[in-house]
Amino acid sequence: NMVVLGSSIGWQCFLGVLSLGYDKCVGYEIMPSQVEVSNQLSTSLQLEQRVEFVCQDALSGSIANAGLIWLNSYAWGTEAKKSISRKIIQEAELGARVVSYEPLDVVALDGCPQTLVLQDTFSIEASWNPRSTAYVYSVEEAA
């Protein structure tokens with residue numbers, strides 16, 4: 001399964017299900033209008049059983065059973081970004097991949113048996129920055 005935190009109008013969920021082979025994707029977005037449009041598109045594509053959008057803060061969204069967690073956190077405040085890193089470290093399954101357009105706050109959490117490890121970076125051209133970087137992490141056992 002795949003989860004998108006900050007799913008906007010949902011294109012990454014559709015990409016995950018239609019092109020990357022994920023069985024299901026849930027997108028969490030706080031803007032009701034974007035959630036409504038995304039769910040309408042999901043229905044019109046007859047994907048409502050596989051692609052769902054929830055109007056909910058990403059910090060309270062479920063990342064259980066997610067093999068891929070995609071973050072769209074560029075508009076989030078500093079504390080929210082730190083909180084989402086801690087959430088992933090504490091709640092994600094071992095082996096899950098995390099994609100972010102910004103480096104994540106990789107911290108060792110007391111009593112937590114796992115951490116985030118940077119696996120790769122790659123340059124992408126985006127409308128907001130022609131030289132953006134995507135960061136790919138994996139959830140692994142802490143040393």
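The values are calculated or read from the model by the stated rules, or taken from the named source; none is laboratory data. Because the structure is a prediction, the values reported are computed rather than measured. Ideal geometry is used to build each Cβ from the backbone, glycine not excepted, and the neighbour counts take in all protein chains shown. Each accessible area value is taken on the protein alone, full model and side chains, heavy atoms only, with ligands, DNA and RNA left out. Shrake-Rupley method; radii C 1.70, N 1.55, O 1.52, S 1.80 Å.
Observations on the model:
- Test: residue in the range 85-97 that is exposed (fewer than 14 other Cβ atoms within 10 Å of the Cβ) and either of a type in the set (A, V, I, L, M, F, W, C) or closer than 17 Å to Glu29 by Cα (or both): yes
- Against the numbered list (1) touching a strand residue (DSSP E or B) at 6+ places or on another chain (Cβ under 8 Å); (2) modelled with pLDDT under 95; (3) not hydrophobic (A, V, I, L, M, F, W, C), Tyr74 comes up short only at (1).
- Exactly one residue among Val98, Val117 is in contact (Cβ under 8 Å) with a residue 24 or more places away in the chain and of a type outside the set (S, T, N, Q), and that residue is Val98.
- Matching option when the condition is small (Gly, Ala, Ser), assigned to a strand (DSSP E or B), open to solvent by less than 90 Å² (accessible area, probe 1.4 Å) and more than 25 Å from Lys24 (Cα to Cα), among Ser123, Ser138, Ser132: Ser132
- Scanning the range 105-116 for residues that are open to solvent by 50 Å² or more (accessible area, probe 1.4 Å) and among the aliphatic types (A, V, I, L, M), we see that the one that is nearest to the chain's Cα centre (by Cα) is Val106.
- Test result for Ser38, surrounded by 22 or more Cβ atoms within 10 Å (Cβ to Cβ), under 15 Å from Val136 (Cα atoms) and of a type outside the set (Val, Ile, Thr): no
- Of the residues making up the range 54-77, just one is open to solvent by 60 Å² or more (accessible area, probe 1.4 Å), more than 14 Å from Ala96 (Cβ to Cβ), touching an Asp or Glu at 6+ places or on another chain (Cβ under 8 Å) and touching a residue at least 40 places away in the same chain (Cβ under 8 Å), namely Tyr74.
- Yes/no for Phe53 being closer than 23 Å to Ile9 by Cα and either under 17 Å from the mean Cα position of the chain (by Cα) or modelled with pLDDT of 90 or more (or both): yes
- Selection within the range 22-33: residues that are of a type outside the set (A, V, I, L, M, F, W, C) and within 16 Å of the chain's Cα centre (by Cα). The member of this set that is farthest from Leu71 (Cα to Cα) is Asp23.
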